[in-house]
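The values are calculated or read from the model by the stated rules, or taken from the named source; none is laboratory data. Keep in mind that what you see is a predicted model, and the values were worked out from it rather than measured. Cβ atoms come from the backbone with ideal geometry, glycine included; neighbour counts cover every protein chain shown. Each accessible area value is taken on the protein alone, full model and side chains, heavy atoms only, with ligands, DNA and RNA left out. Shrake-Rupley method; radii C 1.70, N 1.55, O 1.52, S 1.80 Å.
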Amino acid sequence: MGGRYLSGESLLLFVEDATWALMQSAVGTQYRALHTLQTMEFRVPMGFNTPVSADHWLSCGSLEIRRSILAVLASLILDTQTCSTLISYYGKGRTFWKAMKLLHRSEDNQAFKDRAANWSPDMIDAVDFY
């Protein structure tokens, strides 16, 4: 990640927390944040707007949902040249995080901020978190 060494534990914590944030309901809609922040190459499957919640979407979601989530996470972690086809309309870094923040309810924003407080400083810097 930008020439930095990050522990596997730090990366997994980021993946778990960012997945949680992507799968929160978007304010004022029946959809999840992932619907808006998806990448063009790995879009959320048609008809996915279920109210079901899960603790670990990457292990229990459908293959299409997991691909959509992982594509978004890859776009945040990889450098721009490596992930050019994976970047969502909202881009990378702070622009992306600000878009996610607008999609969440205030309590979800606070919960995500609390989760991110456990990330390593290098991880926060690497993904340009707000």
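Can you tell me which residue is farthest from SER88 (Cα to Cα) among those in the stretch 38-52 that are open to solvent by less than 40 Å² (accessible area, probe 1.4 Å) and at pLDDT 85 or above? Steps first, answer last, please.
Let us first name the residues in the stretch 38-52 that are open to solvent by less than 40 Å² (accessible area, probe 1.4 Å), namely 38-39, 44-45, 48.
Among the residues that remain, those that are also at pLDDT 85 or above are: 38-39, 44.
Details: GLN38: 6, THR39: 4, VAL44: 12 Å.
Among them, the one singled out is VAL44.
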* Does GLY28 qualify as being out of contact with any helix residue (DSSP H, G or I) (no Cβ under 7 Å at 6 or more places or on another chain), surrounded by fewer than 16 Cβ atoms within 10 Å (Cβ to Cβ) and in contact (Cβ under 8 Å) with a residue 24 or more places away in the chain? -> no
* Residue among PHE129, PHE112 that alone is touching a residue at least 24 places away in the same chain (Cβ under 8 Å) and either basic (Lys, Arg) or not in a loop (DSSP other than H, G, I, E, B) (or both) -> PHE112
* With respect to the numbered conditions (1) of a type outside the set (A, V, I, L, M, F, W, C); (2) closer than 25 Å to TYR5 by Cα; (3) surrounded by 12 or more Cβ atoms within 10 Å (Cβ to Cβ), which one is the sole condition not fulfilled by HIS35? -> (2)
* **the stretch 5-24, subset at pLDDT 90 or above and not in a helix (DSSP H, G or I), residue farthest from ASN109 (Cα to Cα)** => MET23
* Residues located in the stretch 85-105, provided they are open to solvent by 80 Å² or more (accessible area, probe 1.4 Å) and either more than 16 Å from THR29 (Cβ to Cβ) or not in a helix (DSSP H, G or I) (or both) -> THR85, TYR89, ARG94, THR95, LYS98, ARG105
* Just a yes or no: is a residue in the stretch 62-73 assigned to a loop (DSSP other than H, G, I, E, B) and more than 13 Å from PHE14 (Cβ to Cβ)? -> yes
* If only one of ASP55, ASP79 is open to solvent by 50 Å² or more (accessible area, probe 1.4 Å) and closer than 18 Å to TYR31 by Cα, which one is it? -> ASP55
